[in-house]
Amino acid sequence: MTNMKCLILLCIPLITFNSFADEFSDAQDAYINGDYITAIRLYEKLVKQGNPKAQNELGYMYKKGDGTPQDYKEAIKWFTKSAEQGDAYAQYNLGFMYDNGKGIPQDYREAIKWYTKSADQGHVNAQFNLGNMYGLDILVRKEGVLQNHVKAHMFWNIAAASGHQKAKKYRDKIEGMMTPNQIRKAQQLARERMEKYN
């Protein structure tokens with residue numbers, strides 16, 4: 001194979017990637033500027049090609065009802081497709097839908113599953129919400145998920161390290177309900193988790 005043919009074959013994936021990136025950027029710009037019809041059209045083109053970021057954004061538009069009637073079931077469909085491909089934002093969004101029973105029966109165990117996948121990729125709000133899931137009595141007793149101050153502290157500590165002020169406040173408050181050994185354990189788990197996923 002000649003050098004020119006090799007170069008062409010190497011450039012095709014780059015051109016395709018740049019095309020996706022340009023269309024995605026154009027869709028985001030349209031959304032930010034309130035041109036929801038254009039944003040939907042561009043996102044729909046990208047989701048047909050399996051783009052997980054576009055799937056998440058389209059799901060978000062259905063969740064909010066931006067440029068389309070609000071449709072939680074359609075939002076869940078797109079969040080799920082994207083989340084299953086590993087998109088942290090979609091995993092968070094899907095966790096939120098389960099957490100709040102939006103378009104799907106409320107299921108805290110599923111919420112924890114998707115929040116955890118997102119948190120493990122550094123999504124701060126997923127980390128904060130996991131702290132809430134393990135630390136707040138109302139959520140925990142309602143679905144039988146055991147309250148766990150060590151896990152709550154760990155997730156709030158991780159979110160606080162990324163600048164989440166409410167997580168810092170909650171972490172500091174729960175420390176008053178914990179033994180020194182539990183606090184040390186939570187801090188150790190937070191360090192280990194941050195090292196593993198950063």
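Here are a few things to note about the model shown:
- Exactly one residue among Asn148, Asn125, Asn100 is at pLDDT below 95 and within 28 Å of Gly65 (Cβ to Cβ), and that residue is Asn100.
- Any chance Tyr108 is of a type in the set (Ser, Thr, Tyr), under 16 Å from the mean Cα position of the chain (by Cα) and at pLDDT 95 or above: no
- The residues on offer are Ala90, Ala152, Ala186, Ala159, and the sole one that is surrounded by 14 or more Cβ atoms within 10 Å (Cβ to Cβ), more than 30 Å from Gln55 (Cβ to Cβ), free of Cβ contacts under 8 Å to residues at least 40 places away in the same chain and within 21 Å of the chain's Cα centre (by Cα) is Ala152.
- Taking every residue in the stretch 46-62 that is without any contact (Cβ under 8 Å) to a residue 60 or more places away in the chain and pairing it with any residue that is part of a helix (DSSP H, G or I) and polar (S, T, N, Q), at least 6 positions away or on another chain, the pairs with Cβ-Cβ distances below 7 Å are Val47/Gln55; Pro52/Ser82; Gln55/Ser82; Asn56/Ser82; Asn56/Asn93; Gly59/Ser82; Gly59/Asn93; Tyr60/Asn93.
- Among the residues of the stretch 24-50, those that are surrounded by 12 or more Cβ atoms within 10 Å (Cβ to Cβ) and charged (D, E, K, R) comprise Asp26, Asp29, Asp35, Arg41, Glu44, Lys45.
- Residues in the stretch 37-62 that are polar (S, T, N, Q), farther than 24 Å from Glu110 by Cα and not in a helix (DSSP H, G or I): Gln49 only.
- When the test is whether a residue is loosely packed, with under 15 Cβ neighbours inside 10 Å and under 30 Å from Asn181 (Cα atoms), Lys117 does not pass it.
The values are calculated or read from the model by the stated rules, or taken from the named source; none is laboratory data. In this text the structure is predicted, and so the values were computed from the model without any measurement. As a convention, Cβ positions derive from the backbone with ideal geometry for all residues, glycine included, and neighbour counts pool all protein chains shown.
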